[in-house]
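The values are calculated or read from the model by the stated rules, or taken from the named source; none is laboratory data. Model, not experiment: these values are computed from the prediction. Cβ atoms come from the backbone with ideal geometry, glycine included; neighbour counts cover every protein chain shown. Note: accessible area is taken over every heavy atom of the protein model, side chains too, but ligands, DNA and RNA are not part of it. Shrake-Rupley method; radii C 1.70, N 1.55, O 1.52, S 1.80 Å.
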Amino acid sequence: MEIHQLQYVVEVAKQRNFTRAADEICVTQSTLSHQIAKLEDELGIKLFDRNSRTVYPTEAGEEFINHAKTVLANLEIARQSIQTYIELLKGTLRIGVIASLGKIDYANMLAKFHKEHQGLNFEIVQEGTYSLLEKIRARELDVAFVAVAPQEEDEDIAFYHLAYDDYVLAVPPIHLFAGREYIELAEAAKERFIFHPASDRMHYTCMEACAQAGFKPQIVCQSNHSPTCLALISAGMGIGFFPLEKVTGHNFNIAVVKLKQPVQKNIVLAIAKHVSLSPAVVAFNRFVLNWVQALKLEER
């Protein structure tokens, strides 16, 4: 019994005519008749009653045709399932990233995902949260790692929480805060600040933290280039908010002070809503969520 024989039987039952069935499946009528006769011989029973004008399934034929339809439907499901994996192994995944994703071990995460799906290429764009979210809306990116406010919602974009990244204050080595492990943020009310630019979501998070501490920061410089900011802080120009990973293992002469009231970056994976997601995006989303869950278990 061959798959094409099942297809022939189902088509003949549908068309009630050998000529039309043969035309529909693009074979000769003699081939179609021969294959169905061969199947009937194999089964030991007639599947169709024939006359000069039409063809009707026998009672046994009706039951066989129902089973054949089920088999063909399951084969199509299986084919589509495999096609999903074939599509997943090809193409380009466009990923947006903000700076400072060490909290989720981003580089190793991406390397492991690529190892599992080596047919995929990656296009990585590093910009601020707002710019990356606009690119998600414009379908210029498939996914983006961004920072948003806790519980923030967007009608066009789904946010999947990954981790919180604690911010600290970087201060000059001779600053009065240097040597202290923790301070109240309110103690920095009269300090000069080197800040994230307004295009960065953390600009507003840090502004909100200062407001909650009872002051508006005196911003003397804004930059999204961390080495420049740290160099200026080392030179005594001001102090600044930084994720802890940015101020460890560097060559700048600065001191790090923690805040008693944590200022946190809420890192999420952003994916467009209301669109048909590619198998690569679905797989990447699942992989990332499993990855960060494993990291949390390791930290316990």
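Nearest 5 percent is fine: what portion of the DSSP beta bridges confined to the stretch 162-300 is antiparallel? Before the final figure, lay out each step's value.
Values: 12 of 19 bridges.
So the antiparallel bridges amount to about 65 percent of the total.
List the trypsin sites (Lys or Arg not before Pro) in the stretch 122-173 that DSSP assigns to loop (not H, G, I, E or B) and whose Cβ has at most 14 other Cβ atoms within 10 Å. Which are they?
Values: sites: 135, 137, 139; in loops: 139.
Listed in order of number, the matching sites are 139.
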When a/c reaches 1.5 or more, the comparison of a/b and b/c decides; with that in mind, is the stretch 1-120 rounded, prolate or oblate per its Cα gyration tensor? prolate
Could you give the nm distance between label points at residue 3 and residue 59, where each point is 7 Å from its Cα heading toward the beta carbon? 3.3
Before anything else, pin down the relative contact order of the stretch 67-143: Cα pairs under 8 Å, at least 6 apart, normalised by residue count, whole percent. 40
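If you keep only loop residues by DSSP, which trypsin sites (Lys or Arg not before Pro) in the stretch 247-286 have at most 14 other Cβ atoms within 10 Å of their Cβ? Provide the component values of the computation, followed by the final result.
Numbers: sites: 258, 260, 265, 273, 286; in loops: 260, 273.
Within the stretch 247-286, the qualifying trypsin sites (Lys or Arg not before Pro) (loop, at most 14 other Cβ atoms within 10 Å) are 260, 273.
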At 7 Å along the Cα-to-beta-carbon direction for both residue 137 and residue 274, put a label point, then send me their distance in nm to one decimal. 1.1
Of 166, 41, ordered by accessible area with the largest first and a 1.4 Å probe, the sequence is 41, 166
Could you compute how much accessible surface residue 234 exposes when probed at 1.4 Å, giving the result in Å² to the nearest 10? 40
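Tell me, what does the Kirkwood hydrodynamic radius of the stretch 26-69 come to in angstroms if you use every pair of distinct C-alpha atoms?
On the way: mean 1/r = 0.0899 Å⁻¹.
Evaluated over the stretch 26-69, this radius sits at 11.1 Å.
So between residue 286 and residue 111, what do we pick up on full extension, going 0.36 nm a residue minus the alpha carbon distance? Walk me through the intermediate numbers first.
Numbers: separation 175, 0.36 × 175 = 63.00 nm, distance 1.53 nm.
Difference between extended and current length: 61.5 nm.
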Residue-level accessible surface for residue 114, protein heavy atoms, 1.4 Å, Å²: 70
Structure-based [θ]222 nm, the chain - -39500 (n - 2.57) summed over DSSP H runs of at least 4, per residue, nearest 500: -14000 deg cm²/dmol
Cα gyration tensor category, rounded, prolate or oblate, for the stretch 179-271 with a/c compared to 1.5: rounded
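Using 0.36 nm per residue, how much length does the chain from residue 231 to residue 46 gain when fully extended, once their Cα-Cα distance is taken away?
On the way: separation 185, 0.36 × 185 = 66.60 nm, distance 8.82 nm.
Full extension from residue 231 to residue 46 adds 57.8 nm.
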As an exercise, use a Förster radius of 35 Å and the Cβ-Cβ distance of residue 295 and residue 76 to find the FRET efficiency, rounded to the nearest 0.05. 0.30
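Sorting 221, 206 by accessible area (1.4 Å probe), largest first, what list results?
On the way: 221 30, 206 0 Å².
I get 221, 206, largest accessible area first.
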Which helices, taking whole DSSP H runs in the chain, have alpha carbons extending 27 angstrom or more along the helix axis plus mean Kyte-Doolittle at least 0.0? 279-299
Would you tell me the accessible area of residue 92, worked out with a 1.4 angstrom probe on the heavy atoms of the protein chains, in Å² to the nearest 10? 80
Per the Kirkwood formula over distinct C-alpha pairs, the hydrodynamic radius of the chain in angstrom is 24.2
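Only Cα pairs under 8 Å and at least 6 apart count here; give the relative contact order of the chain as a rounded whole percent. Don't jump to the answer; show the numbers that get you there.
On the way: 459 pairs, mean separation 61.2, N = 300.
About 20 percent, as a whole number.
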Quotient of C-alpha Rg and 2.2 N^0.38 Å, computed over the stretch 109-211: 1.42
Summing Lys, Arg as +1 and Asp, Glu as -1, what charge do residues with Cβ under 9 Å from the Cβ of residue 101 carry, residue 101 excluded? -2
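Counting only protein chains, not ligands or nucleic acids, how are 160, 167, 106 ordered by accessible area (probe 1.4 Å), most first?
160, 106, 167
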